[in-house]
Structures are given as C-alpha cells and as structure tokens.
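If you scroll down you'll find the structure; I have some questions about it.
The values are calculated or read from the model by the stated rules, or taken from the named source; none is laboratory data. Since the model is a prediction, treat every value here as computed from it, not as a measurement. Cβ placement follows ideal geometry from the backbone for every residue including glycine, while neighbour counts extend to all protein chains displayed. The area values use the complete protein model at the heavy-atom level, side chains included, leaving out ligands, DNA and RNA. Shrake-Rupley method; radii C 1.70, N 1.55, O 1.52, S 1.80 Å.
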Amino acid sequence: MEYLIPIIFATLGIYYNNKFTETKRLIFIGIILIYVVALLGLRYRVGMDTIGYMKSFEKARDLEHFWTKRIFFDRHEPGYLFVCAICKSISKEFWVLQTVISAITNTCVFIFLNRYCKNVFIGLVFFFILQWLYFSTEIMREGVAIGVFLLNYRNLENKKWIRYYLLSLISISFHYSAVIIWFIPLAKYLKLNLPYIIICVCTFAITPILIRMSDYIPIDSISHRIIKYLGDDFNFNLNWKIGEFIKAAFPTIFVMLFSNLLKIKPTFNKLLLIQLLLCIGTFSIPIIFSRFSNYTSIFVTVAIANFLTANHIKSWIKILFISLILTTQSYYYYKMYATWMPYVSIINPKYVHEREQLWIKMFR
C-alpha cells in the first residue's frame, strides 16, 4: 500500500492538472515528492543493492578522514563517497545517507518531468511504474548520476557545451557509467533508416563473435573478463536478457509505433532511438549496456506521458497503449516482488527472511 499512495496522488493530479494554478500544481508535486523521499529515506533493508550499500557504509570514512589518495581507488566513486562522508559526519545511521540520495535523485527527476511533460502527473505515474523503485533502492549511485544528467540536459538542449560537459563530471563522480552522456549529443545524427537498422543488427550480432573470441584468447584473465561482461554464462542468462529487453525496449517500441501509426512526432524521438539501440546492446554486453540504457529511460517516460495527452487519440487506443506498457513490466515486478515487498521502515526495523536469503544467493 505504501508504494501505491504516490501513484494514487499523481493519478488525482492528472485530472486536476488543468484546474490547478501554477502555484497549487507545484505545491501538490512537492507534497508527492516529500512523501516519496520520506518513504524511501526511512526504509529498512528494502532493495537488494540497498543491503549491500548498508554494509559498505559501515566502512565509509567521515569528512575528517576523507581526503586521502584512496578515494580514487576505492570500490565506489568519489562523488558518492563524499556524500557518504558528509552523512557519516552527521550520523552513523544509514537512513540519513539514503534519505539524501533519495532526495537528490527524485527531486531531479521531478524537476525534469515538470519541465518536459505536458501533464507532469502522467509522467510521475509512469515514472513510479517504470523506474522509481529501481532508481532509488537498487542503483543508488547511478540514480544520482542520472538525476544530475537530467538537470544538465537543458544545457545540451541549449548547446551550452562547456557547461554540459563540466556538469557531466558530477554525474561521472557518482557512477562511471555516466560517461555515456558524453556521447548522447551524437543522437542528432540518428534516423530510423537502413543505416540505423544495420547498426542495431550488428550490435545484436556482437555476442556470438565475442563468445567465439573468448575461446581463442590464451590469457585466461582476459577471456574470463569477456565472459563476465557477457553475463557469465550466455545460455543461463538468456531469459534475463529477454526479460530485460521486454522491460526496457518494448515501452520504447510501443511509443514509437503508436506515434508513427497516428502520425504524431514522439517527444525526444532521437533519444528514443538511442534507448532502443542500447537495449539491443544489452543482448551483447548486458553488464555495460543495461547500465547505459538507464540514462535514456526517463526520456521514454516523457514520450509516453506526452503521447497520452494528445486529445485526438481515441480512448480505446490509449487504454490499449497503457495496457501494453503495463504488461511489459509484469514479469519484472514478479521477479522483484520479494526485493521490495513487504515494505519495512526504520521505525519498526525487522529482517525479511526471504529478502535476506535472496541477497545471499545473489551476492555471496
């Protein structure tokens, strides 16, 4: 029920959006944001990666001991470690850090959705469904990197290149996968044409080539590293790759397909093409491309929200569209159910046996 409350509030906002003044709209968005930050900031051992972050936070240094050469050779990036140091100087309790991280990530996403969605509340509903829990409880460092990039996107849009690339360093300082945003300006050259299709096919075809290559490399460490990036065992991970593709790529495909059929130019069309290309890359090098696709996934959310605001689209088409989007996430939520349910708060902390066993199975 805790997770449904912001969805219910955002759904109410959809219907009252046109009746709100700008001030009332921002206040209502702020109320939803405060609830979201509090809910996620006060969680206790909710999220597989969260449990791992809790363990690493115990070893984190405070500000007094932060400035050492080790910060550039640590397991985590220096930007994240700096936030850890600030929070640990305030309190040794992990909930302080996860509240700060939740506030940064979700505030950035809310601002971005308010900037680019014609009805921000539709964008919020689909953000809650498509990315919210994953960004905030699983990829905490990367969630901040994505949030900063979303605020930084306006600099790219306005071609303020120096400011864009300087601010991109903040994203990279939280997660090195953010290096992908250096190449996002190249999206302007993408078109849904034959060369693009050839690139997609070649990206998909890399996997068997890399598998074959690893068989002939005499150095075991390099060979094992290739197999690791492919996902340890291609056959074992095929179901994961298919599930990930359906979850991440199908919403993109559906919004592009429906928009083209109804002769509507989708919002962020170029970035949708990047998202689809990165999702295809997940089949080839899942560890890398699944990370990269996170940075463009919010643009899909905005495209979905703006498609649904088109007045000339018949209601049954919108219902069909929404049903298809929700269906793409069904298996993912089935798989992640024990990760997020039941919700546990620091107010009444307790271990959920199934979740703890799942963490041991995944990370030990």
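Which ones in region 277-295 are surrounded by 23 or more Cβ atoms within 10 Å (Cβ to Cβ) and aliphatic (A, V, I, L, M)?
Within region 277-295, just Leu278 meets the criteria.
Still on this structure, I have one more. Hey, among the residues in region 72-105 that are out of contact with any Leu (no Cβ under 6 Å at 6 or more places or on another chain), among the polar types (S, T, N, Q) and buried (at least 16 other Cβ atoms within 10 Å of the Cβ), which one's nearest to Arg61 (Cα to Cα)?
Going through the qualifying residues, I end up with Gln98.
Can you tell me which residue is nearest to Glu244 (Cα to Cα) among those in region 319-361 that are open to solvent by 100 Å² or more (accessible area, probe 1.4 Å) and within 20 Å of the chain's Cα centre (by Cα)?
Ranking the candidates gives Tyr331 first.
Okay, moving on. Checking Leu190 against (1) at pLDDT 70 or above; (2) open to solvent by 90 Å² or more (accessible area, probe 1.4 Å), which test does it fail?
(2)
Could you identify the single residue in Glu157, Glu138 that is within 30 Å of Ile346 (Cα to Cα) and of a type outside the set (Phe, Trp, Tyr)?
Glu138
So which residues in region 344-364 are in a loop (DSSP other than H, G, I, E, B) and over 13 Å from Arg43 (Cα atoms)?
Residue satisfying the conditions is Arg364 alone.
Additional query: Outside any helix (DSSP H, G or I) and open to solvent by less than 20 Å² (accessible area, probe 1.4 Å): which single residue out of Ile264, Ile304, Ile298, Ile313 fits that description?
Ile313
Moving on to the next point. From the set of residues in region 122-147 that are touching a Lys or Arg at 6+ places or on another chain (Cβ under 9 Å) and not polar (S, T, N, Q), which is farthest from Phe268 (Cα to Cα)?
Here the residue is Ile139.
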